[in-house]
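Worksheet for the structure shown next.
The values are calculated or read from the model by the stated rules, or taken from the named source; none is laboratory data. Just so it is clear, the structure is predicted and the values come from calculations on it, not from any experiment. In this analysis, Cβ positions are derived from the backbone assuming ideal geometry, glycine residues included, and neighbour counts consider all displayed protein chains. When the accessible area is computed, the model is the full protein with side chains, heavy atoms only, and any ligands, DNA or RNA have been set aside. Shrake-Rupley method; radii C 1.70, N 1.55, O 1.52, S 1.80 Å.
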Amino acid sequence: MNKPVIQARDKGLSISVFEKETADNKKYYSVCLQRSYKKKGDADYTRETINLFADDLPKLAILANKVYADILNQKPAPANAEKTSWDNS
């Protein structure tokens, strides 16, 4: 298995970047996002992994910042309020 060329970690979140090569010797990068956590009562960590292309990262950053701002602007919903989708796609 190839070793990452870049790694970053913040508590249970990590990003690893792997250099790949196509059949015609062109290089590209694969990005692996991982979240690790322990479930209550479990001794072992659970890991969730998402693999992306490098050019997905700016899109992910924009979406994450938008959603974070939306969360900060939320007012507590009444208990009987219906859930709505905020997906603009």
Region 57-72 - phi-based ³J(HN,Hα) in whole Hz, Karplus 6.51/-1.76/1.60, Gly and Pro as x: 4, x, 5, 4, 4, 5, 4, 5, 5, 5, 5, 4, 5, 4, 5, 5
Accessible-area order (highest first, 1.4 angstrom probe) of the listed residues Leu13, Leu33: Leu13, Leu33
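Let me know the shape class of region 1-81, please: from the alpha-carbon gyration tensor, a ≥ b ≥ c as square roots of the eigenvalues, rounded when a/c is under 1.5, otherwise prolate if a/b is greater than b/c, or oblate.
Oblate is the answer for region 1-81, as a/c is 1.5 or above yet b/c matches or exceeds a/b.
Using a Förster distance of 22 Å, how high is the FRET efficiency between Cys32 and Tyr68, based on the Cβ-Cβ distance and rounded to 0.05? Walk me through the numbers on the way to the answer.
Values: r = 22 Å, r/R0 = 0.99.
After rounding to 0.05, the efficiency reads 0.50.
Quick one: accessible area per residue over region 1-71, 1.4 Å probe, rounded to a whole number of Å²?
On the way: 6030 Å² over 71 residues.
Counting only protein heavy atoms, the per-residue value for region 1-71 is 85 Å².
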